[in-house]
There are 2 protein chains.
Amino acid sequence: MDNFFDSPLTGACIFGQSGGPTAVINASAYGVIRTALDSDVITKVYGAAYGIQGVLNDELYDMDEEEDYELKLLLNTPSSELGSCRYKMADPDVDDSDYKRILEIFKKYDVRYFFYNGGNDSMDTCNKISKYMEKIGYECRVMGVPKTIDNDLFGTDHCPGFGSAAKFIATACMEIGKDTDVYNTDMVTVVEIMGRHAGWLTASAALATEYGNGCGPDLIYLPEITFDLDAFTDDVVKIMKQKRNVLVAVSEGLHYADGSFVSEAKTSGTDGFGHAQLGGLAVKLANYLKERLNLKKVRGIELSLLQRSSAHIASAVDIEEAFMVGKTAVEAAISGETGKMVALERDDTSGLYSCRPVLLSLNSVANYEKKVPIEWITEDGNYVTNDFINYVLPLIQGEPKIPRSNSLPRYARLKKVRAVAPTKNTVTME
Amino acid sequence: MDNFFDSPLTGACIFGQSGGPTAVINASAYGVIRTALDSDVITKVYGAAYGIQGVLNDELYDMDEEEDYELKLLLNTPSSELGSCRYKMADPDVDDSDYKRILEIFKKYDVRYFFYNGGNDSMDTCNKISKYMEKIGYECRVMGVPKTIDNDLFGTDHCPGFGSAAKFIATACMEIGKDTDVYNTDMVTVVEIMGRHAGWLTASAALATEYGNGCGPDLIYLPEITFDLDAFTDDVVKIMKQKRNVLVAVSEGLHYADGSFVSEAKTSGTDGFGHAQLGGLAVKLANYLKERLNLKKVRGIELSLLQRSSAHIASAVDIEEAFMVGKTAVEAAISGETGKMVALERDDTSGLYSCRPVLLSLNSVANYEKKVPIEWITEDGNYVTNDFINYVLPLIQGEPKIPRSNSLPRYARLKKVRAVAPTKNTVTME
């Protein structure tokens, strides 16, 4: 932070979004863009079309061209408004062509600030760019802005995007619970929830049961625990002795002891599945139970990408924090920080939830995956403990006021005007 | 209405819910129960457990035992709170045992009013009971209260339940549209929407496109039009020439010229599908396009029962009308009506939408199915006209204030106290 009072680094910034979208990643975008536009030292704000690919392809949007009103609507707009990508950067020691190209673009647009909004892979991208620029001696501040509904980013109490997804999942499971309870017949409903390697989202379904008068999943299976078809069947049978309708939440990442995904299990008899089991994991497990327990009625439901796109039921806490991490990234960079990710640090010592932004070295977060602690899963491996409930509950709080038109959400409509490089820099190379 | 001023028919009432639940069927329940509880001539209000089966099994709940506060929460509680059934009554001329049993229960509890909330089949049940009671000479007022998300009930402008489902579908499609627009790759997403025989719900997805700045389905296929795989493929190709991401909404009830459902098409080559197409209709069609058009990215999404259970995003107009039809049924019955269904009659002559309740003979509505008028479907059969948009838009209006606890919906929790028959009537038979 030393050089801030001396001579702040002036220049343009590029902001990009990466990985799978969330309900609030655009709130982080607004945090970055608004703060950068309002800054005296950031001379120009560019948005990268489709993440780092927009930098590589010289496809940048001029954020000055956007209406303030539309930009502000980003706070409640789901999905990645600037477009996203899943692009794995090479190791610069092996192949530095992408890095050279990025440097070229940075010079072309006089870019001295780079903000990248994403999950694990994006923090890795951030880290590599940061190190390369340092090594090459190009002064540039690189900051990671976290997001992921999966909540598997290391070093942060939780990730922006997770709370809203958890809230949608809890609400949907409560409503599904109400719905499946309607007929006076034995029925098992299996709901498939996102999370390939970490069970945070699936675990959140427990909120429906805890706060919906039992109207939520009776059983919850996370990828942190090896899945066993016999134990699963026994669990269901046990619940069916108490009630006619059983609701089960399963993570898409459930796997057997050998590491193979249950969702990818072949339809032959070898893996315990009998006849052809069509469809995704939920339908597969539902049909398996139907056959094995001779049930008349089963149902498999995949919440699919509504989990990450349902901004209409976002958490106000999540939106606020998503905005804050974006804003903090810009402020920290201006004050001299680089090579950092903005993380969230929880303080609930007072009994009340609060979170403040802290900076972590990108080295320490890139490529690590945070899983649900085993001690937050019940001993029999089919539900979560109160510690998890206490962890997640504050993150889903608050109803944002969603701007509407004709009773439908009014989401941001950006003009996305293609940026033109400043003339003075187009020919000057350092 | 003649006998109202003379001597109103006093006695108990039974209310039952039937068929698939909706987001607002409980608002109709509240309309019936509240009005009946407040009435001077209805001496007792019973709720049937699991629809007509609760009558047949002598499983009735005593509505006097419920808290006013919890009853009022029914206005925003999805699903059928009293439980539902799908039970087809026999023709009484062939087998009158169910009717005799119903008469026995009616006498046992001194029931003079019967209100039944459901769709086509339930109106048929209502009609049969009404006729039987009349034939047998047991004085009893029987009224149908309409509901169905499918909107296929004859004689009413629309059905309570449809507006809220349409609003969820439009919002979800807008959010899915935002989400799928994120990557810079060719992609087709197929969304499967409920409606086996009528396309009202699938057509409603157009609201996302019309009011979401194009962020909704580009193509819409209803069961009113025979489905053709080649025409479908051509339509998609045509859209892909204009934009990289194509969103398609399909009705679960799509069928080929021979009447067979596309969803049930075998995975052999005979029906135009190539290799194994697993999953439901959306996945099936998405995979078909993937193979035929050599696409890298396709996605199939089934909105599943969230369509009928998403009370958190219900239409305020729908809730109000659902309550109104329930209330009107009770008031009309008290004033002497019987054998009627409460329908909704639209008046938009002033340019402003309004709907008033009218009574239709159950004879005229039972077992007819109302489909989307062919003139509301575009000539090439892959979208809907403005007439449909103008029809549906008023029905999704208004955001209800959802009671919440811990930022999750606080749905009604009824005690469901089993009713005891009044002693004076238990041994007396007419």
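Computed from the coordinates by the stated procedures, all read-outs in this text should not be read as laboratory data. Note that this is a predicted model, so its numbers are computed, not measured. For neighbour counting, all protein chains shown are included, and Cβ atoms are generated from backbone atoms with ideal geometry for every residue, glycine included.
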Quiz item: Roughly what angle does helix A:229-240 make with the longest principal axis of chain A, taking Cα atoms, 0 to 90 degrees, to the nearest 10?
Solution: 70
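Between residue B:97 and residue A:86, what FRET efficiency follows from the Cβ-Cβ distance if R0 is 56 Å, with the result rounded to 0.05? List each step's numbers first, then the result.
On the way: r = 64 Å, r/R0 = 1.13.
E between residue B:97 and residue A:86, to the nearest 0.05, is 0.30.
Take every Cα pair under 8 Å in region B:191-348 that's 6+ residues apart, average their separations, divide by the length, and report that relative contact order as a whole percent. Please list the in-between numbers first.
Values: 196 pairs, mean separation 31.9, N = 158.
Computed value for region B:191-348: 20 percent relative contact order.
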Quiz item: From the label point of residue A:41, set 7 Å from Cα along Cα→Cβ, how far away are the matching label points in the other copies, in nm, ordered shortest to longest?
Solution: 8.1
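Across peptide A:201-212, how many C-beta atoms of other chains are within 10 Å of each residue C-beta, on average? Working shown, then result.
On the way: counts 0, 0, 0, 0, 0, 0, 3, 2, 0, 2, 7, 7.
Mean shielding by partner chains, rounded to a whole number: 2.
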Quiz prompt | Residues whose placed amide H lies under 5 Å from that of residue B:302, excluding near-sequence neighbours | solution = B:192
Quiz item: What is the antiparallel percent of DSSP beta bridges lying wholly in the protein assembly as shown, to the nearest 5?
Solution: 30
Exercise. Name the residue, out of A:148, A:226, A:156, whose mean-square fluctuation peaks in a Gaussian network model built on chain A with Cα pairs under 10 Å.
Key: A:226
Self-check item: Of B:329, B:412, B:314, the one that fluctuates the most in a GNM where chain B has Cα springs shorter than 10 Å
Solution: B:412
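Could you compute the net charge surrounding residue B:187? Neighbours are other residues with a C-beta less than 14 Å from the C-beta of residue B:187; K and R count +1, D and E count -1. Mind dumping the intermediate values first?
Working: positive: A:86, B:178, B:243, B:244, B:290, B:296, B:297, B:299; negative: B:179, B:181, B:186, B:218.
Local net charge: +4.
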Exercise. Between the label point of residue B:214 and that of the same position in each other copy, find the distances and list them shortest first in nm, with every label point placed 7 Å from Cα along the Cα-to-C-beta direction.
Key: 5.2
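At a Förster radius of 51 Å, what calculated FRET efficiency corresponds to the Cβ-Cβ distance of residue B:7 and residue A:238, to the nearest 0.05? Could the numbers behind the result be given before it?
Values: r = 57 Å, r/R0 = 1.12.
The formula returns an efficiency of 0.35 here.
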Quiz item: Can you list the residues, at least 5 places off or on another chain, whose amide H is less than 5 Å from the amide H of residue A:344, using H built in the peptide plane?
Solution: A:157, A:158, A:358
Quiz item: With the contact rule set at Cα under 8 Å and sequence spacing of 6 or more, what percent relative contact order holds for chain A?
Solution: 24
Quiz item: What are the residues whose amide H is under 5 Å from the amide H of residue B:377, where those residues sit 5 or more places off or on another chain and H is modelled from the backbone?
Solution: B:385
Quiz item: To one decimal in nm, how far is residue B:138 from the same spot in the other copies, if labels go 7 Å from Cα toward Cβ? Please give the shortest first.
Solution: 8.6
Quiz item: Expressed in nm to one decimal, what extension gain is obtained for the pair residue A:423 and residue A:367 from 0.36 nm per residue of sequence separation less their Cα-Cα distance?
Solution: 16.3 nm
Quiz item: Between rounded, prolate and oblate, where does chain A land on the alpha carbon gyration tensor, with a ≥ b ≥ c its root eigenvalues, rounded for a/c under 1.5, else prolate if a/b exceeds b/c?
Solution: prolate
Self-check item: Cα-based shape type of region A:162-309, given that a ≥ b ≥ c are square roots of the gyration tensor eigenvalues and the cut on a/c is 1.5
Solution: oblate
Self-check item: Under the Karplus curve 6.51 cos²θ - 1.76 cosθ + 1.60, θ = phi - 60°, whole-Hz ³J(HN,Hα) for region B:49-62, x wherever Gly or Pro sits
Solution: 6, 6, x, 4, 5, x, 6, 4, 8, 6, 10, 10, 9, 8
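Using DSSP, restrict attention to beta bridges with both residues in region A:162-309 and report what percent are antiparallel, rounded to the nearest 5. Walk me through the intermediate numbers first.
Numbers: 1 of 17 bridges.
Antiparallel bridges make up about 5 percent of those DSSP assigns within region A:162-309.
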Quiz prompt | Label-point separation, residue B:110 to residue B:131 (7 Å along Cα→Cβ), nm | solution = 3.1
Quiz item: Tell me, what ³J(HN,Hα) does each residue in region A:121-128 have, in order and in whole Hz, if you take phi through Karplus 6.51 cos²θ - 1.76 cosθ + 1.60 with θ = phi - 60° and put x for Gly and Pro?
Solution: 5, 5, 5, 5, 4, 3, 4, 5
Quiz item: Counting Lys and Arg as +1 and Asp and Glu as -1, what is the net charge of the other residues whose Cβ lies under 12 Å from the Cβ of residue B:372?
Solution: -4
Quiz prompt | ³J(HN,Hα), Karplus 6.51/-1.76/1.60, whole Hz, each residue of region B:90-100, x for Gly, Pro | solution = 5, 5, x, 6, 8, 8, 9, 5, 4, 5, 4
Quiz item: GNM, chain A, Cα, under 10 Å: largest mean-square fluctuation among A:301, A:239, A:389?
Solution: A:239
Quiz item: Based on DSSP H runs of at least 4 residues, each adding -39500 (n - 2.57), what is the mean residue ellipticity at 222 nm of the protein assembly as shown after dividing by all its residues, to the nearest 500 deg cm²/dmol?
Solution: -10000 deg cm²/dmol
